[in-house]
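Read through the structure below, which is laid out as C-alpha cells, and then see the notes.
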Amino acid sequence: MDVGTQQMYEDIKNVLKKHRQSHLLAFWDQLDTVQRQRLLSQIRQLDLAKIDGWVADYVKKPSSDAIRGDLLPAPFYSLRPSDNKQKRKYAEAVKLGQHLIRQGKVAAFVVAGGQGTRLGFDGPKGDFPISPVKNKTLFQIFAEYIAAASKKYNTVCPWYIMTSPLNRARTEEIFRSNNYYGLDEKDVFIFQQGTIPNFSPDGKVLLADKANLSSSPDGHGGSLKALYQSGAIDDMKRRGVEFISYFQVDNPLINIFDPLFIGLHALDKAEMSSRAVIKTGPYEKVGNFCLADGRLNIIEYSDLPDELAERQNPDGSLTFKLGSIAIHIINRAFAERLNTDGFSLPLHRALKKILHIDEHGEPVEPNGVKLETFVFDAVPLASKSIILETLRPEEFAPTKNAAGVDSVVTARKMMVARAASWLESAGLTVPKKPDGSIDCVIEIAPGFALGKEDIKEKLNQIPQINPDDEIYLT
Ligand code: UTP
C-alpha cells in the first residue's frame, strides 16, 4: 500500500470507529489495490454525521412519526364542475392547458428508478411488455403518447426519465436499441437519481460484498434533487418548460398531458398539484390527502390512524376519501427553488430483504433497512397546491405485481376496459359476455386517440367488433 493510501486508510479507520461503522473495513486485508481504493472512495462519500442522525431517527425506530396536529379532509376539484361558475373555470382551464402544451411549456417526466422487486421482472420496469394486443412495453406506450401529443399540439414535448445507478445503463441501451421509439434523441433526457446506504436493523451500514457498500435508490422523492443536479432543470429552462408532468413508470393508463389539470394548476398559481381518486375503502394502500395544521399533506395509508381512516360523513362516504395516485404537476421554478434554498424530505423506513454479506463475508439475504424519500412529501413545501379528482378506470392502472391485485393482469384488463368504454362513448357496440364482461381484446394506440374525444373523429376507421376479436386501432 502506498503512503497516501495508507494514510487515508488510517484516517478513515479512525472516523469510522467514532461513528461505530468500523466493520466496513473488516475485509481490508483481503482486497487488492483497486478494490481498496474503490471502497475508500465509497466510504468517503458517506456523510457519517448525517448517518448517525438517520440511524437514531429512522433506522432504529420501527414505527413512523406520530401525526402532528388535527387532520381535516382536503378540498379538491371534483371530476365534474359543481356549479356554473366552476363550469366556466373548467372551460377556461382546458383552454389555458391546451395553450401551455402548444407553447411547449409542459414536459413529461417519468420516475423509473425503482427496483420493481414485486414485479420480479429482470430489467427496468419500463421495458415490461404490457399492452393487450401488441405487447408494447410501458416505455413504448409513453413514447407513443408523447409523439401523438406533440403532433396534436404541433409542438415538441420533451421527455425526462429518471433512472437509478442500478438501471441507468440498461435503460439507455433499451432506448438506443429501440431508436428512441421514434422520438428525437435530443428530446429524451435520461438521468439518474442518488442512493442511500442500506442498514442492518441495529444501524450498521451494510456491505454488498467485501469491497462495496450496499445501497438503494433514494426513493421517488430523490427526483426533486436529481432533476436539478442532472442538469434537467437547466435543459427545461433553455427550452422554456415551466410545468413538469410527473408520473410513474408502472401506470400504462397515464394521461400525461391533461389540459384541464395543467390549466387548473396554472390558473390557481399552484406550485405542485396532484390527481386523486376516490378510495375503494378505508384501508386502500394509497396516500391520503389531508389538511394538517392548514397545510396539504399526503399521509401514507399506514400512518393514518384507523379512527380517521374509517370516519364517515353523514351520507356514509368516507371523510378521508381521496387517494393519491402519484400523478403531479410540478412547477420547474418550484423544483429549482427547493434546491437553491437547500431542502430535505423526510425519510421513510422499510424493512426489506437485502442481499449483503455478513461478518464472515458470506452472502445472506435477511431483512435490512431501506430508507427512501417520497415525492409527495414536497406537497406541503409548495405555496399553493390543488387536487383534481380523476376516474380510476380512465387513468390509473398500477402494475406492481406479476399476478393478483395491482398486477400485470389487472392492468391489461383495465387497458381493454378503457378502450371499450371510449368506443362505447362514441356510440359503438362492444361485445359482452352474459355476465357483462368484455368479450374481445381491444388496444387503442395513442396515435389513434389520446382520449375518448378523439374517437368520434375516427368512427369510419373502426371495424365492427365481434365476440373473441382482437382489435388494434392505430
Ligand atoms: P414503487 O414504490 O412501486 O417501487 O415505485 P418500485 O421500486 O418500483 O417497486 P417495488 O416496491 O420494488 O416492487 C413507484 C414509482 O417510483 C419509481 C418507480 O420506478 C415507480 O415508477 N421510483 C421508486 C423511483 O424512480 N426511484 C425510487 O427510488 C423508487
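Some observations on this one:
- Full extension of the chain between E389 and D83 yields a length gain of 108.6 nm, computed as 0.36 nm times the residue separation minus the alpha carbon distance.
- Stretchable slack from Y472 to V3, in nm (0.36 nm times residue separation minus alpha-carbon distance): 162.1 nm
- Pairwise centroid distance, computed over Cα atoms, of the stretch 20-45 with the stretch 71-143, Å: 44 Å
- Extending 7 Å from the Cα toward the beta-carbon at both D11 and L428 defines two label points whose distance is 6.8 nm.
- Separation of the D122 and T280 label points, Cα + 7 Å toward Cβ, nm: 3.1 nm
- Using the Cβ-Cβ distance between D52 and Q464 with R0 = 56 Å, the FRET efficiency computed as 1/(1 + (r/R0)^6) comes to roughly 0.25.
- Rg over Rh for the chain works out to 1.00, both radii taken from alpha-carbon positions and Rh defined as the Kirkwood radius.
- Vicinal HN-Hα couplings computed from phi for the stretch 141-154 (Karplus, 6.51 cos²θ - 1.76 cosθ + 1.60; Hz; Gly/Pro x): 4, 5, 4, 5, 4, 5, 5, 5, 5, 4, 5, 4, 9, 6
- Mean separation of Cα pairs under 8 Å and 6 or more residues apart, divided by the residue count, gives the stretch 188-265 a relative contact order of 23 percent.
- Pairs beyond 26 Å (Cα-Cα), from K285/K370; K125/K456; K269/K413: K125/K456; K269/K413
- Converting phi to 3J(HN,Hα) with the Karplus coefficients 6.51, -1.76 and 1.60 and the offset θ = phi - 60°, the stretch 2-16 yields 6, 4, x, 5, 4, 5, 4, 4, 4, 4, 5, 4, 5, 5, 4 Hz in sequence order, with x at every glycine or proline.
- Using the Karplus relation 6.51 cos²θ - 1.76 cosθ + 1.60 with θ = phi - 60°, the per-residue 3J(HN,Hα) values for the stretch 372-378 come to 8, 10, 10, 4, 5, 6, 7 Hz, with x marking Gly and Pro.
- Relative contact order (%) - criterion: Cα under 8 Å, at least six apart; region: the stretch 312-418: 16 percent
- Relative contact order of the chain, taken over Cα pairs closer than 8 Å and 6 or more residues apart, is 20 percent.
- Distance from the Cα centroid of the stretch 158-203 to that of the stretch 325-364 is 15 Å (rounded to whole angstrom).
- Taking amide H as placed 1.01 Å from N in the peptide plane, the amide H of D469 sits under 5 Å from that of V441, each at least 5 places away or on another chain.
Only the coordinates and a few stated rules stand behind these numbers; no lab work does. Since we're looking at a predicted model, the values are computed, not measured. Methodologically, a virtual Cβ is constructed for each residue, glycine included, from the backbone with ideal geometry; neighbour enumeration extends over all protein chains shown.
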